[in-house]
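A.B. asks: Questions regarding the structure given below will be posed in turn.
The values are calculated or read from the model by the stated rules, or taken from the named source; none is laboratory data. The structure presented is a predicted model; accordingly, all values stated were derived computationally and were not measured. Positions of Cβ are generated from backbone atoms using ideal geometry, with glycine treated the same way; all protein chains shown enter the neighbour counts.
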Amino acid sequence: MTSAAKAGGRPRRISILGATGSIGQNTIDLIAREPEAYEVVAVTGARNIAQLAGDAIALRAEIAVTADEAALPDLRAALEGTGIAAAAGQSALTEAASRPADWVMSAIVGAAGLAPGLAALSGGATLALANKESLVTAGPLLMATARAHDAHVLPVDSEHSAVFQALTGEDMGAVERIIITASGGAFRDWPAEALAGATVQDASTHPNWDMGQRITIDSASMFNKSLELIETKEFFGIAPENIEVLVHPESLIHALVGFVDGAMMAHVGAPDMRHAIGYALHWPERRALPVQRLDLGAIGQLNFAPPDPTRYRALVLARQVMETGGHAGAAFNAAKERSLDGFIAGEIGFLQMAEIVEATLEALSGHEDFTSAVDRLDTVAQMDHLARRTAAKLISERIRG
Ligand code: NAD
Ligand code: MG
């Protein structure tokens, strides 16, 4: 059965949120190989208008949306005469995501991806979820929205796609533990004393993966893996103590699932996001993908080590957030996003990101919603806003010394 046949013989209607980013471009690479199989509904971006308009035209999308309202005149001009609609702003993003579609790629970076993802699920679309922040900030709400609309969420983060694949045909009751691997990021070979002086440029190069700048820096700080711990708990519904992180410098095994009989199923593949994207695109089928085939004989050996918790404070904080539950995830993610902005802007040093996040969580721990159930978007948005404000205040206090 082809993808087109799955949608009842017609091309599948798909939207790509965050089309101009690293995941968005990899998604476009896959669908552009099979243009007759897809009808593109919406593509969205933020500041890269030339890319957004070019992709909208090449894919013959119905609508292109930029998050940046000031960029709307440029987008309109670039699409003039094409018949493609142009729109801008948060509500336009959510409207575009809610247009009838079979499959929606959620690849906006940050908590900004949550509302459009919920809108896509509310329309019944299958949500291919690269935006891990949606699960970290509002996992229970996202999963409940999917259930209420009989919609699927498919993981696109490589580790979570790996776990999802290893679980095919298995019963969650037979799962003892889930192990997600971490490359160790840009600083895995740096002495711990040197980390305080790490620059934005140092942190922006990943040893194995080619990704957007924010997730690359989050990989160096292990904040990416800490988000992924929470993502694992929320998506697979597994107890925090049964989720482990394993440093694996080669990034070839993406995750392992340990079962009650002692067997472990590992997912092995080249570090190429088109694998996880393609798996979600064709699920429940497995189809040919243009990714590198591994020659393990030539690779020779794979290495593993436990993460050093004294070096990676972010992992310790993620464990606390998982234990707390409620809106702690929204506070954690927002404080992380604001601290990352601060690091990129030169306001704070590399190690201060975790200090700011920890202090923000402490400051908000008495808030009435900190531990309350996550079942509404407005309380999540309030906690997000409060955590950004708190983190910003802590950053400015540090700058003033
Ligand atoms: P990126 O920075 O390359 O692209 C982000 C996209 O979001 C762009 O289209 C950008 O225009 C858009 N965007 C940025 N800010 C926005 C806002 N406020 N509102 C609406 N749109 C906005 O990021 P990426 O590396 O492609 O990552 C996208 C998501 O996928 C992130 O959640 C990331 O954690 C996740 N992810 C990425 C990878 C990877 O290999 N890049 C792997 C796993 C998970
Ligand atoms: Mg990942």
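A.B. asks: Filter the stretch 343-357 down to residues that are surrounded by fewer than 18 Cβ atoms within 10 Å (Cβ to Cβ) and more than 21 Å from the chain's Cα centre (by Cα), then give me how many there are.
C.D. replies: Of the residues in the stretch 343-357, 6 are surrounded by fewer than 18 Cβ atoms within 10 Å (Cβ to Cβ) and more than 21 Å from the chain's Cα centre (by Cα).
A.B. asks: Can you tell me which residues in the stretch 345-401 are among the basic types (Lys, Arg) and at pLDDT below 95?
C.D. replies: Arg398, Arg400
A.B. asks: Please indicate, with yes or no, whether at least one residue in the stretch 273-284 is charged (D, E, K, R) and assigned to a loop (DSSP other than H, G, I, E, B).
C.D. replies: no
A.B. asks: Any residue in the stretch 191-202 that is within 20 Å of the chain's Cα centre (by Cα) and either of a type outside the set (Val, Ile, Thr) or within 16 Å of ligand 2 (Cβ to nearest atom) (or both)?
C.D. replies: no
A.B. asks: Having 1 or more residues that are within 16 Å of ligand 2 (Cβ to nearest atom), of a type outside the set (Val, Ile, Thr) and touching a residue at least 12 places away in the same chain (Cβ under 8 Å) is the bar; report the helices (runs of 4 or more DSSP H) wholly within the stretch 71-152 that clear it.
C.D. replies: It comes to 132-148.
A.B. asks: Considering only the stretch 232-265, state which residues are within 21 Å of the chain's Cα centre (by Cα) and in a strand (DSSP E or B).
C.D. replies: Of everything in the stretch 232-265, those that are within 21 Å of the chain's Cα centre (by Cα) and in a strand (DSSP E or B) turn out to be Ile243, Glu244, Val245, Leu246, Val247, Ile253, His254, Ala255, Leu256, Val257.
Per-residue answers, yes or no, for (1) closer than 20 Å to Ser91 by Cα; (2) touching a residue at least 12 places away in the same chain (Cβ under 8 Å); (3) within 13 Å of ligand 1 (Cβ to nearest atom):
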residue: Gly9; (1), (2), (3): no, no, no
residue: Arg12; (1), (2), (3): no, yes, no
residue: Gly18; (1), (2), (3): yes, yes, yes
residue: Ile23; (1), (2), (3): no, yes, yes
residue: Thr27; (1), (2), (3): no, yes, yes
residue: Tyr38; (1), (2), (3): no, yes, no
residue: Gly45; (1), (2), (3): yes, yes, yes
residue: Leu52; (1), (2), (3): yes, yes, yes
residue: Asp55; (1), (2), (3): no, yes, yes
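A.B. asks: How do the pairs read when you match residues in the stretch 348-370 that are among the acidic types (Asp, Glu) with residues anywhere that are crowded, with 18+ Cβ neighbours inside 10 Å, using Cβ under 6 Å and keeping only pairs 6 or more apart or on different chains?
C.D. replies: Here the result reads Glu358/Leu317; Asp369/His327; Asp369/Thr379; Asp369/Met383, each pair linking the stretch 348-370 to a residue that is crowded, with 18+ Cβ neighbours inside 10 Å.
A.B. asks: While we're looking at this one, here's another question. Determine whether Asp157 is among the charged types (D, E, K, R) and away from ligand 1 (no atom under 15 Å from the Cβ).
C.D. replies: So Asp157 fails the test.
A.B. asks: With Val321, Val316 as the choices, which residue is modelled with pLDDT of 95 or more, surrounded by 19 or more Cβ atoms within 10 Å (Cβ to Cβ), part of a helix (DSSP H, G or I) and not aromatic (Phe, Trp, Tyr)?
C.D. replies: The unique qualifying residue is Val321.
A.B. asks: Which residue, of Ala144, Ala138, Ala125, Ala151, is away from ligand 1 (no atom under 12 Å from the Cβ) and either under 16 Å from Arg274 (Cα atoms) or within 15 Å of the chain's Cα centre (by Cα) (or both)?
C.D. replies: Ala138
A.B. asks: Being without any contact (Cβ under 8 Å) to a residue 24 or more places away in the chain, surrounded by 13 or more Cβ atoms within 10 Å (Cβ to Cβ) and either over 30 Å from Ala239 (Cβ atoms) or in the same structural domain as Val247 (by TED's automatic domain parsing) (or both) is the requirement here; does Arg389 meet it?
C.D. replies: Considered against the rule, which asks whether it is without any contact (Cβ under 8 Å) to a residue 24 or more places away in the chain, surrounded by 13 or more Cβ atoms within 10 Å (Cβ to Cβ) and either over 30 Å from Ala239 (Cβ atoms) or in the same structural domain as Val247 (by TED's automatic domain parsing) (or both), Arg389 comes out as yes.
A.B. asks: Continuing with the same structure: Among the numbered conditions (1) more than 21 Å from Trp190 (Cβ to Cβ); (2) within 13 Å of ligand 1 (Cβ to nearest atom), tell me where Ser226 comes up short.
C.D. replies: Of everything listed in (1) more than 21 Å from Trp190 (Cβ to Cβ); (2) within 13 Å of ligand 1 (Cβ to nearest atom), Ser226 misses just condition (1).
A.B. asks: Another one. Quick test for you: out of Arg274, Arg287, Arg293, pick the one residue that is within 20 Å of the chain's Cα centre (by Cα), modelled with pLDDT of 95 or more and under 30 Å from Ile28 (Cβ atoms).
C.D. replies: The unique qualifying residue is Arg274.
A.B. asks: I'd like to know if the stretch 295-308 contains one or more residues that are without any contact (Cβ under 8 Å) to a residue 40 or more places away in the chain, within 20 Å of Thr168 (Cα to Cα) and in a loop (DSSP other than H, G, I, E, B).
C.D. replies: no
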